[in-house]
1. Just to check your reading of the model, which residue among R44, R30, R15 is free of Cβ contacts under 8 Å to residues at least 40 places away in the same chain, open to solvent by less than 50 Å² (accessible area, probe 1.4 Å) and of a type in the set (K, R)?
2. Got a sec? Which of A39, A24, A20, A94 is surrounded by 12 or more Cβ atoms within 10 Å (Cβ to Cβ) and either under 14 Å from I3 (Cβ atoms) or free of Cβ contacts under 8 Å to residues at least 12 places away in the same chain (or both)?
3. Tell me which of these N51 doesn't satisfy, since it passes every other one: (1) of a type in the set (S, T, N, Q); (2) at pLDDT 95 or above; (3) open to solvent by 50 Å² or more (accessible area, probe 1.4 Å).
Amino acid sequence: MIIVSGKLHIAPEARAAYLANCDAVAEQARRSPGCLDYALSPDRLDPGRINVYERWESDAHLAAFRGAGPEPEQAAEILGAEVSTYRISGVEAA
């Protein structure tokens with residue numbers, strides 16, 4: 001299992017529009033083979049932060065979805081990013 005998790009920093013006044021522009025990508029991701037979860041959400045405490053969480057069955061599924069990455073317009077709005085990929089070898093129920 002692959003988990004992609006972290007945060008994006010966007011100008012606070014642009015965050016709502018940025019997230020709205022990501023809706024189609026989230027819908028596409030959730031329909032993609034191997035996608036177990038995909039969410040971009042506004043942080044409740046930091047008005048310029050977007051939380052990133054993705055869960056995929058494999059690297060191959062993630063790579064097939066990713067393609068070239070965000071559109072140039074979207075990428076230009078990102079002021080900073082701290083996102084990591086984790087490869088999980090086992091899962092236990094909580």
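The values are calculated or read from the model by the stated rules, or taken from the named source; none is laboratory data. Please read these numbers as outputs of a predicted model, since none were measured by experiment. For neighbour counting, all protein chains shown are included, and Cβ atoms are generated from backbone atoms with ideal geometry for every residue, glycine included. Accessible surface areas use protein heavy atoms only, side chains included; no ligands, DNA or RNA. Shrake-Rupley method; radii C 1.70, N 1.55, O 1.52, S 1.80 Å.
1. Values: R44 fails: open to solvent by less than 50 Å² (accessible area, probe 1.4 Å); R30 fails: open to solvent by less than 50 Å² (accessible area, probe 1.4 Å).
It is R15.
2. Result of the check over A39, A24, A20, A94: A39.
3. Condition not satisfied by N51: (3).
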